[in-house]
1. Could you tell me whether segment 6-22 includes any residue that is without any contact (Cβ under 8 Å) to a residue 24 or more places away in the chain, out of contact with any Asp or Glu (no Cβ under 9 Å at 6 or more places or on another chain), part of a helix (DSSP H, G or I) and not small (Gly, Ala, Ser)?
2. Quick one: would you say Thr111 is under 15 Å from Tyr24 (Cα atoms) and either touching a Gly at 6+ places or on another chain (Cβ under 9 Å) or of a type outside the set (D, E, K, R) (or both)?
3. Among (1) in contact with a Leu (Cβ under 9 Å, 6 or more places away or on another chain); (2) under 14 Å from Arg73 (Cα atoms), where does Arg17 come up short?
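What follows is calculated from the coordinates using simple rules that are stated; it is not laboratory data. Note that the coordinates shown come from a computational prediction; the quantities given were computed from them, not determined experimentally. Using ideal geometry, Cβ is built from the backbone for each residue, glycine included, and neighbour counts are taken over all protein chains shown.
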Amino acid sequence: MPQTHQVKLGNLAAIVRSKNAGPYRLTFDVLFDRDENYQAVSKSGVLNSKSVANAYGIDVDKISSFFEIPIARAFKVTMFRPHAQCSSGETDVYGAQQHVPLMNMLIPVSTTIKGYDDV
């Protein structure tokens with residue numbers, strides 16, 4: 001069995017982004033430009049509804065959808081916003097600043113995978 005090490009999801013993916021999905025939800029996209037990196041994340045099984053909920057400190061029932069889209073080398077997650085868009089206490093009207101906890105998730109990957117930026 002090959003040795004593994006922990007790599008941040010943001011270092012494996014080409015794009016990790018968040019955006020509005022209406023006034024009550026946020027959606028996240030994780031897109032890969034290298035099949036090797038996508039396969040490593042997919043096969044690890046680490047990226048799932050429960051792990052995303054843990055990364056954001058929310059209950060898993062606040063994740064409204066989680067999709068893996070192999071043909072696009074992508075994952076898509078949608079969650080309920082903690083505050084409705086533009087309501088009191090809401091801090092990111094466009095939902096574009098919410099992706100960092102997802103980027104920082106640690107993924108176990110084979111030490112043979114070299115196609116990522118380790119920053």
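1. No, because not a single residue in segment 6-22 is without any contact (Cβ under 8 Å) to a residue 24 or more places away in the chain, out of contact with any Asp or Glu (no Cβ under 9 Å at 6 or more places or on another chain), part of a helix (DSSP H, G or I) and not small (Gly, Ala, Ser).
2. Taking the combined requirement at face value, the residue does not satisfy it.
3. With (1) in contact with a Leu (Cβ under 9 Å, 6 or more places away or on another chain); (2) under 14 Å from Arg73 (Cα atoms) applied to Arg17, the lone miss is (2).
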